[in-house]
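The values are calculated or read from the model by the stated rules, or taken from the named source; none is laboratory data. Please read all numbers here as calculations on a predicted model, not as lab measurements. Ideal geometry is used to build each Cβ from the backbone, glycine not excepted, and the neighbour counts take in all protein chains shown.
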Amino acid sequence: MKALLTRDLMLAIRAGGGFGLGLSFFLIVTVLVPFGVGPQTELLSRIAPGVLWIGALLACLLSLDRIFALDWEDGSLDLLATAPLPMEGIVSVKALAHWITTGLPLVLAAPVLGVLLSLPIPAYQWVVISLAVGTPALSVIGTFGAALTVGIKRGGLLMSLLVLPLYVPTLIFGAEVARRGAEGLTVQAPLLLLAGISFGVIALLPFASAAVLRINLR
Amino acid sequence: MSLWEYANPVKFIRTTDKVLPWVWALTGICLVTGLVWGFFFTPDDFRQGSTVKIIYIHVPSALMAINAWLMMLVASLIWIVRRHHVSALAARAAAPVGAVMTLIALATGAFWGQPMWGTWWAWDPRLTSFLILFLFYLGYMALWEAIENDDTAADLTSILCLVGSVFAILSRYAVNFWNQGLHQGATLSLDKEENISDVFWFPLLFCIAGFVLLFVALVFLRTQTEIRARRTRALLAREGQA
């Protein structure tokens, strides 16, 4: 399991593109928003938490097809399937690797990009906390989507269509935490619900992902 | 004699062939009665005027939009557990019908909302969750289309249906949290004191029955078509080999 994790991380870092791509995409989205809505500070600071969340979500989505596609093409996924590691474990490790290479950098980059959007000061900690709690859910749900569409050629667009509706609850609660934090309201309820979603999908969704991956490898 | 006999495609087609004319006839009777009664023989609402008559399309279609997904969920479960092909095909057949019902509910809701709320669309929890349900239907149908192998497609879509149901329910309550509603609460509950007036209720009952029957008829017909299409493909494949 550890070997698989290090292998995936190494591949993501050394093969180029994968690691920084999501981050650069996040940067581009946040830079484009002021061009779209205008540079007024008060408007930007009001929408900043939501924009950061949507940017993180899209950056996450963009890198999903890398989770299984390369391993599927060169056949190492078949090898992994015959390994003594259960499929649920493989899927969980893949999701973890995706989170470390995509989710974690996004969490760390969010406050820096918040400056560009003139994010209100009290919101910084809540944006970071909500992203830290919420992005694992994005990775796990995304792994399910990637497993679902792994056998389809050019399945990227289809995967977005399948995954985005599944992201709705996470986005609602995550953005709500950030928004309430920005306005200085209490964030306990949405934060607990967000954590509930994260832990729930981490616990349950790998079984579904493993099931669809088995079907696809049949 | 058990329910599972209908898992045999031949038996399914034979039975539904016998039943279908009756279902169509009943659908026609219910819909014509309900709609004519509802549109021409009910009074205007004292506040909403004649726009209240949109209810005869809006409520039944919204009801069927949700029930179609439930039916797909049950059919997917049967496919996963007992692997009856008719069940998987029925789930596939129901999806476009459900999607259209969702679209009808959204569209009639917009027509109703424009004069009543002064807006075509509001990010109200019910409206939003219906839009999300529509997206789920789209994804489900797209996945069916995208996969060439029939059994793989059936397996994957049924798991998507299960996972999607959980997330659809989650979204339903999440949007409640996110925004307060403009849409009225339930007025058709069986256990509440304050319900819709009987004058509107009886024709509405006919319309609901009509929509349920319409859904059943369409799903039967579409499942038959799916079975026949698959047979044709099998025959062609066999001829190609010979």
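I'd like the residue in region A:146-160 that is assigned to a helix (DSSP H, G or I) and surrounded by 21 or more Cβ atoms within 10 Å (Cβ to Cβ) and, out of all such residues, is farthest from the other protein chains (Cβ to nearest Cβ). It would help to see each step written out before you state the result.
Applying the first criterion (assigned to a helix (DSSP H, G or I)) to region A:146-160 yields A:146-148, A:156-160.
Among the residues that remain, those that are also surrounded by 21 or more Cβ atoms within 10 Å (Cβ to Cβ) are: A:146-148, A:159.
Details: A:ALA146: 13, A:ALA147: 9, A:LEU148: 6, A:MET159: 9 Å.
Per the criteria, the residue is A:ALA146.
Could you grab me the full set of residues in region A:94-104 that are touching a residue at least 60 places away in the same chain (Cβ under 8 Å) and surrounded by fewer than 22 Cβ atoms within 10 Å (Cβ to Cβ)? Matches in region A:94-104: A:LEU96, A:ILE100.
Mind checking whether some residue in region B:113-126 is buried (at least 16 other Cβ atoms within 10 Å of the Cβ), of a type outside the set (Asp, Glu) and closer than 30 Å to B:LEU3 by Cβ? No, there is no match, as no residue in region B:113-126 is buried (at least 16 other Cβ atoms within 10 Å of the Cβ), of a type outside the set (Asp, Glu) and closer than 30 Å to B:LEU3 by Cβ.
Comparison of A:LEU131, A:LEU80 shows that the only residue that is surrounded by fewer than 22 Cβ atoms within 10 Å (Cβ to Cβ) and assigned to a helix (DSSP H, G or I) is A:LEU80. Of all residues in region A:105-123, exactly one satisfies the criterion of being without any contact (Cβ under 8 Å) to a residue 40 or more places away in the chain and farther than 16 Å from A:LEU23 by Cβ, namely A:ILE121.
Would you check which residues across region A:186-196 are assigned to a helix (DSSP H, G or I) and either surrounded by fewer than 23 Cβ atoms within 10 Å (Cβ to Cβ) or modelled with pLDDT under 90 (or both) and list them?
Narrowing region A:186-196 to residues assigned to a helix (DSSP H, G or I): A:188-196.
Once the filter is applied, which keeps residues that are assigned to a helix (DSSP H, G or I) and either surrounded by fewer than 23 Cβ atoms within 10 Å (Cβ to Cβ) or modelled with pLDDT under 90 (or both), region A:186-196 yields A:GLN188, A:ALA189, A:PRO190, A:LEU191, A:LEU192, A:LEU193, A:ALA195, A:GLY196.
Quick one: which of B:ALA75, B:ALA99, B:ALA107 is part of a helix (DSSP H, G or I), more than 14 Å from chain A (Cβ to nearest Cβ) and surrounded by 20 or more Cβ atoms within 10 Å (Cβ to Cβ)? Working first, answer last.
Values: B:ALA99 fails: more than 14 Å from chain A (Cβ to nearest Cβ); B:ALA107 fails: surrounded by 20 or more Cβ atoms within 10 Å (Cβ to Cβ).
The unique qualifying residue is B:ALA75.
Pairs are defined by a Cβ separation below 6 Å, a sequence spacing of at least 6 or placement on different chains, a first member in region A:59-72 that is without any contact (Cβ under 8 Å) to a residue 12 or more places away in the chain, and a second member that is part of a helix (DSSP H, G or I); the pairs so defined are A:ASP71/A:LEU77.
Each row is one residue, and each column tells you yes or no for (1) farther than 21 Å from B:ILE208 by Cα; (2) among the aliphatic types (A, V, I, L, M); (3) within 16 Å of the chain's Cα centre (by Cα); (4) modelled with pLDDT of 90 or more.
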site	(1), (2), (3), (4)
B:MET64	no, yes, yes, yes
B:TRP69	no, no, yes, yes
B:ALA75	yes, yes, yes, yes
B:TRP79	yes, no, no, yes
B:ARG82	yes, no, no, no
B:LEU106	no, yes, yes, yes
B:PHE111	no, no, no, no
B:TRP121	yes, no, no, no
B:THR128	yes, no, no, no
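Scanning region A:186-198 for residues that are among the aliphatic types (A, V, I, L, M), free of Cβ contacts under 8 Å to residues at least 60 places away in the same chain and more than 10 Å from chain B (Cβ to nearest Cβ) turns up just one, A:LEU192. Looking at A:VAL163 and the list (1) away from chain B (no Cβ under 11 Å); (2) surrounded by fewer than 24 Cβ atoms within 10 Å (Cβ to Cβ); (3) under 12 Å from the mean Cα position of the chain (by Cα), which single condition is not satisfied? With respect to (1) away from chain B (no Cβ under 11 Å); (2) surrounded by fewer than 24 Cβ atoms within 10 Å (Cβ to Cβ); (3) under 12 Å from the mean Cα position of the chain (by Cα), A:VAL163 is out only on (1). Quick check: is even one residue across region A:21-31 aromatic (Phe, Trp, Tyr) and in contact with a helix residue (DSSP H, G or I) (Cβ under 8 Å, 6 or more places away or on another chain)? Yes, the conditions are met somewhere in region A:21-31.
Hey, could you check region B:40-56 for residues that are part of a helix (DSSP H, G or I) and over 23 Å from the mean Cα position of the chain (by Cα) and say which is surrounded by the most Cβ atoms within 10 Å (Cβ to Cβ)? Full working, then the answer.
Within region B:40-56, the first condition is being part of a helix (DSSP H, G or I), and the residues that meet it are B:40, B:50-56.
In the following step, the residues that additionally are over 23 Å from the mean Cα position of the chain (by Cα) were identified as B:40, B:50-51.
Details: B:PHE40: 9, B:SER50: 12, B:THR51: 16.
In this case the residue turns out to be B:THR51.
In region A:166-185, what residues are more than 9 Å from chain B (Cβ to nearest Cβ) and either assigned to a loop (DSSP other than H, G, I, E, B) or of a type in the set (Asp, Glu) (or both)? Once the filter is applied, which keeps residues that are more than 9 Å from chain B (Cβ to nearest Cβ) and either assigned to a loop (DSSP other than H, G, I, E, B) or of a type in the set (Asp, Glu) (or both), region A:166-185 yields A:GLU183, A:GLY184, A:LEU185.
Candidates B:LEU218, B:LEU162, B:LEU133, B:LEU170: the one that is modelled with pLDDT of 90 or more, at the interface with chain A (Cβ under 10 Å from one of its Cβ atoms), surrounded by 18 or more Cβ atoms within 10 Å (Cβ to Cβ) and in contact with a helix residue (DSSP H, G or I) (Cβ under 9 Å, 6 or more places away or on another chain) is B:LEU133.
Counting only residues that are within 22 Å of A:ALA178 (Cβ to Cβ) and assigned to a helix (DSSP H, G or I), region A:44-77 holds 19 of them. Based on what the data block shows, is B:PRO60 in contact (Cβ under 8 Å) with a residue 60 or more places away in the chain and not charged (D, E, K, R)? Yes.
On the given criteria, is A:LEU138 within 14 Å of another protein chain (Cβ to nearest Cβ), modelled with pLDDT of 90 or more and under 26 Å from A:THR6 (Cα atoms)?
Numbers: within 14 Å of another protein chain (Cβ to nearest Cβ): yes; modelled with pLDDT of 90 or more: yes; under 26 Å from A:THR6 (Cα atoms): yes.
When the stated conditions are applied, A:LEU138 passes them.
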